Every structure is written in structure tokens, then in C-alpha cells.
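Have a look at the structure below, then the notes.
The values are calculated or read from the model by the stated rules, or taken from the named source; none is laboratory data. In this text, all values refer to a predicted model and were calculated from it rather than measured experimentally. All Cβ positions, even for glycine, are placed from backbone atoms using ideal geometry, and neighbour counts span all protein chains on display.
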Amino acid sequence: MRALRRDLSIYLSIFGMTPKVFMAYQLWFWIGLVLNTIGMAILVFFWRAVYADTDSVAALSLQQTLTYILLAQIFFPLTDVDLIFDFGFNLREGNIIHFLLRPINFQGMYYVQNLSSLMMRLILQIPIAVVATLLFGLQWPTDPATWGAFAVSALLGFTALFFFHWFLACLTFYTTEVWGLGVLIFGMSLFLSGSLVPLTMMPGWLQTVVLSIPFAQAIAVPVSLLTGITPLIQAPLVWLTQLAWVTGMWLVSALFFRVAVRKVTVQGG
Amino acid sequence: MTRYLSLYWLFLTQRLKVLMEYRANFIIGALSTIALQASSILAIWVVMRQVPDLNGWTYDEILLVYGLITLAKSINHMFADNLWTLGRQYIRSGGFDRFLVRPIDPLFHLLADRFCQDGVGNFLVGVALVVKASVALGIQWTLLKALMLVAAVVSGGGIFIALNLLTCVTSFWIVDSVPVTRLVFDNHLFAQYPLTIYPKAINILLTWIVPYGLASFYPASYLLDRSLGNLAWAAPVAAALLLFLGYRFWQFGLKHYGSTGT
């Protein structure tokens with residue numbers, strides 16, 4: 001009888017594991033929504049306090065700034081490229097050897113994978129977009145031409161950033177460090193992408209610095225087009241600049257990869 | 001107590017030896033948190049250039065609030081970061097079981113197992129901000145104010161650790177407690193700014209329910225001789241109470257722990 005009870009208790013524990021796994025994913029989704037809401041709430045209250053005694057900051061009204069900030073939060077997945085962590089994982093597990101041997105362009109494979117992840121992440125942002133609209137009064141742009149200009153700019157910006165991340169991820173071939181490097185890049189991207197403050201509020205020298213690093217191409221540049229901070233008439237010039245970024249970063253990342261890949265030291269697998 | 005202190009020292013020296021084997025990683029880890037904080041501070045600086053104050057709080061006063069919460073967070077980050085990984089790295093893999101067969105307290109073992117070097121960056125940023133703000137604001141330091149500064153940082157660290165402990169215990173039931181811990185932990189972001197910019201409900205939340213405000217806004221108010229500052233003396237009491245509750249909840253969770261069988 002005691003043995004039966006013992007066996008039952010073991011099987012019950014095993015039975016309980018699967019619901020825990022399912023619950024973990026569900027939990028992450030809902031808690032992610034709450035965390036995003038907290039992040040947005042802090043920004044909204046902060047900006048409302050900034051505008052408490054003034055109607056305009058750097059020629060932007062409170063509504064314009066809030067629209068920019070909230071849209072920048074919603075489209076923040078445009079900066080989510082996981083190459084550093086992926087490279088680190090593949091080095092640790094030894095999978096990188098298999099990827100390098102496959103008869104397919106390694107960089108091309110990763111680009112398509114990251115583009116697909118971006119689509120999924122943007123779809124998963126729909127609930128937070130609803131929260132931003134209902135809770136924080138986000139006013140969505142309605143002009144289809146503006147959305148078209150934004151879509152082209154966002155894709156170009158994401159592509160430029162992908163190649164920049166590719167360049168940074170190649171550093172893991174030398175350092176083997178992943179976590180710190182990943183957090184360092186994320187920390188830099190928070191400000192340099194323009195997701196916390198519109199570029200127009202920055203002093204001239206800081207704008208120059210921010211615009212000479214690719215992070216801003218993925219958030220500040222497309223979201224400024226979407227919110228009208230950058231007039232629609234300037235869209236072709238914006239795209240051309242971004243295209244130059246894409247070409248430059250593609251060349252630099254591909255060349256650096258050819259050099260860095262010789263340093264690959266697989267740690268396990 | 002002496003035994004645990006000497007044991008902690010042994011764990012720490014072993015960990016430092018490991019970290020020093022990968023010096024570049026150690027430096028990048030510490031720098032990473034500095035970059036993260038620099039982003040937010042730079043954003044505050046850009047905005048505060050445009051307006052004289054934020055609900056009556058000047059740029060340097062906001063830096064003091066931000067610096068205090070960063071210092072308190074760094075205590076938790078350096079000495080109790082392993083609470084985050086309890087479910088993912090210890091319970092899921094079955095590694096937690098080895099803590100249970102050793103002749104030391106499992107919670108102590110978990111905390112001592114890993115000193116987190118990333119917290120050093122937070123600590124340095126916190127010190128730099130408090131010193132910068134103190135000099136710029138011309139704070140007249142008295143014995144009581146110095147005592148308050150130490151109490152705020154230590155108690156603030158205690159509040160962070162206790163709230164993370166209370167939430168990480170859920171991993172004994174749901175394995176991965178990170179979402180639950182983040183749900184509470186992320187509220188500290190409110191306390192990076194003066195609480196007066198938020199509605200009353202958020203003030204109540206940050207003072208009485210998840211009292212991160214006691215680690216930043218209230219001690220900063222005390223150091224600046226502002227109203228509400230005396231509430232900062234509640235921080236040590238809140239920290240002690242939360243740590244007691246956290247440890248009792250940990251013991252309760254431990255009794256219900258069933259290994260994952262990995």
C-alpha cells in the first residue's frame with residue numbers, strides 16, 4: 001500500500017509538470033503585457049509632468065510627444081535582433097559548425113529568421129497598442145501615405161540594424177562573452193534608438209552622435225515620419241540615407257565576419 | 001553567524017577567482033549596467049534642459065532620487081541576483097537538490113553561490129549620482145543625514161531582496177518564477193523619479209505595498225529637508241518585516257518542494 005502511494009505521488013508530480021510548462025508561456029504573455037503597461041505608464045506620467053507648466057518643448061506639443069513616445073514603444077521590436085545571444089548559444093553548443101557547413105548563405109538565413117521574428121513580435125504588440133490607445137489616449141496617424149513611408153523606412157532601418165548587430169555579434173568570436181555584451185548593446189540602443197526622447201529635443205551635437213550610429217534608423221527615423229515630425233515630402237531623402245546605411249553596414253558586417261570566423265572556438269557540443 | 005560569514009567569504013573568493021579568469025567578461029558585465037543607466041540618465045538630462053523642474057524637482061534633485069534607488073538595487077544585484085535564477089537554473093535542472101543534502105542553509109547557499117559582477121556597475125553609477133547631486137545641491141551633511149543615507153541604501157537593498165525572495169519562492173510550484181518576480185520588481189522603475197509626478201494610487205503602491213519609494217523618494221526628501229522626508233525612517237522597519245516574511249515564505253515553499261525529477 002505504501003509503495004502504491006509512493007508511486008502515485010511520483011506519477012502525480014510528473015502529471016503536474018505539463019500544465020506548469022503551458023502555464024509558464026501563458027503567464028509570460030500576460031505578465032509581458034502588464035510590464036509593457038508599467039513602462040508606458042511611467043513614460044506618460046513623466047512627460048505629463050514635463051509639460052505641466054509649458055505648452056511646447058522643442059516645438060512639440062504634449063500630444064505630439066506622447067504619440068511619438070508611445071509609437072516608439074509599440075514599434076520597439078524593430079530594434080530586437082537577437083544575434084549576439086544566438087551566436088553565443090551556437091558557440092557554446094557547437095551548433096555554429098553545422099550552420100557554417102550548410103549549403104546556404106549563413107547571413108541570409110539569419111536575416112530571414114529575424115524578419116520573421118519581427119513580424120511575430122509586432123503582431124504580439126497588438127494588445128499593448130490597444131492598451132496605449134484606450135488607457136493613454138494614443139492618437140493613431142490615419143494617412144495611408146504616411147503609413148507607407150513608415151513601412152519602407154522601418155524595413156530599411158531594421159535591415160541596417162540587423163547588419164550592425166551582425167558586426168557586433170562577430171565580436172563574440174573573440175570575447176566569448178554574451179550576456180554583458182548583449183545588455184551593453186541593449187542599454188545603448190534604449191537611448192540611441194530615440195525611443196526615450198524625440199531627436200528634436202536633443203542638442204545639435206547629440207543629434208549628430210545619435211544619427212551616426214545605426215540604432216536611430218530603426219526607431220527615431222521611421223517613427224518621426226509616422227508622427228509627422230519629419231514631413232512626408234522628405235521621405236525619399238530619408239529612404240536614400242537609410243539605403244546608404246544598409247549598403248555600408250552590409251559591406252562592413254560581411255567583411256568583418258570573413259575575418260572573425262577564423263577565430264571561432266567552439267566551447268562544447 | 002561567524003561560520004556563515006567565513007563561508008560567504010570562501011564562496012566569494014572562489015567566485016572572484018572564476019571571474020578573474022575571464023577579465024574581459026568581468027569588465028563588459030560591469031560596463032553593461034552602466035550603459036543601461038546612462039541611457040536613462042541621458043534622457044533625463046536632455047528633457048531637463050528644456051524645463052526648469054519636474055513638479056518642483058530640479059535636475060540634480062531627480063538625480064539624487066535616481067542615484068538612491070540605483071544604489072539600493074545594486075545591493076540586490078550584487079548579492080542576491082541568484083534569486084532570479086532559482087527556477088530556471090537550479091529547480092528545472094534538479095541542481096537545487098544538492099543544496100538540500102549539504103549542512104548549510106539552502107537559501108544561504110543559493111545566495112552565496114554567485115556574486116553578480118554586473119551589480120558593480122549599478123553601484124558605481126549610484127555612488128556617482130549621489131555624490132554629484134549632493135555637491136550640486138550643497139546638501140549640509142549632519143550625522144543624522146549620513147545615517148539616513150546608509151539606512152536608505154541598506155534598507156532599500158533589503159526591500160529589493162525581500163520582494164524578490166517573496167516572488168522567487170513561487171518557483172517551488174511553477175518552476176519558472178521570473179515572470180512573477182518581474183511583475184513586482186519592475187515597479188521599482190516608478191521610484192526612479194519623484195513620486196509626486198504620479199497619481200495617488202501609485203504613491204500608495206510604492207509606499208505601502210511594494211515600498212520601493214522608501215529606498216529613493218522618501219530618503220531624498222529627507223536629505224533635501226522636504227516634507228514627507230521623515231517617512232524615510234520607516235525603511236528599516238519595512239525591510240526587516242519584508243525579509244522576515246520572505247524567509248518564512250521560503251521555508252513554507254521549501255516544505256512543498258518536489259524535485260522536477262531531472
**Prompt:** Has region B:79-87 got any residue that is within 25 Å of residue B:6 (Cβ to Cβ) and either assigned to a loop (DSSP other than H, G, I, E, B) or in contact with a strand residue (DSSP E or B) (Cβ under 6 Å, 6 or more places away or on another chain) (or both)?
**Reply:** yes
**Prompt:** Name the residues in region A:49-98 that are on the phi > 0 side of the Ramachandran plot and not hydrophobic (A, V, I, L, M, F, W, C), would you?
**Reply:** A:94
**Prompt:** What do you reckon, is residue B:217 within 14 Å of another protein chain (Cβ to nearest Cβ) and either crowded, with 18+ Cβ neighbours inside 10 Å or not aliphatic (A, V, I, L, M) (or both)?
**Reply:** yes
**Request:** Answer yes if at least one residue in region A:227-238 is under 25 Å from residue A:46 (Cα atoms), modelled with pLDDT of 90 or more and in a helix (DSSP H, G or I), and no otherwise.
**Result:** yes
**Request:** Could you list, in sequence order, all residues of region B:5-29 that are out of contact with any helix residue (DSSP H, G or I) (no Cβ under 6 Å at 6 or more places or on another chain), over 13 Å from residue A:179 (Cβ atoms) and aromatic (Phe, Trp, Tyr)?
**Result:** B:9
**Fill in**
Of the residues in region B:39-80 that are more than 10 Å from chain A (Cβ to nearest Cβ) and of a type in the set (Phe, Trp, Tyr), the one that is surrounded by the most Cβ atoms within 10 Å (Cβ to Cβ) is B:66
**Fill in**
By my count, helices (runs of 4 or more DSSP H) wholly in region B:171-218 with at least 1 residues that are touching a helix residue (DSSP H, G or I) at 6+ places or on another chain (Cβ under 9 Å) and without any contact (Cβ under 8 Å) to a residue 12 or more places away in the chain are B:178-185, B:200-204
**Item:** Tally of residues being at the interface with another protein chain (Cβ under 8 Å from one of its Cβ atoms) and either surrounded by fewer than 14 Cβ atoms within 10 Å (Cβ to Cβ) or over 17 Å from residue B:120 (Cα atoms) (or both) across region B:1-38
**Value:** 1
**Matching entry among B:240, B:146, B:235, B:220 (being within 14 Å of the chain's Cα centre (by Cα) and at pLDDT 95 or above)** = B:235
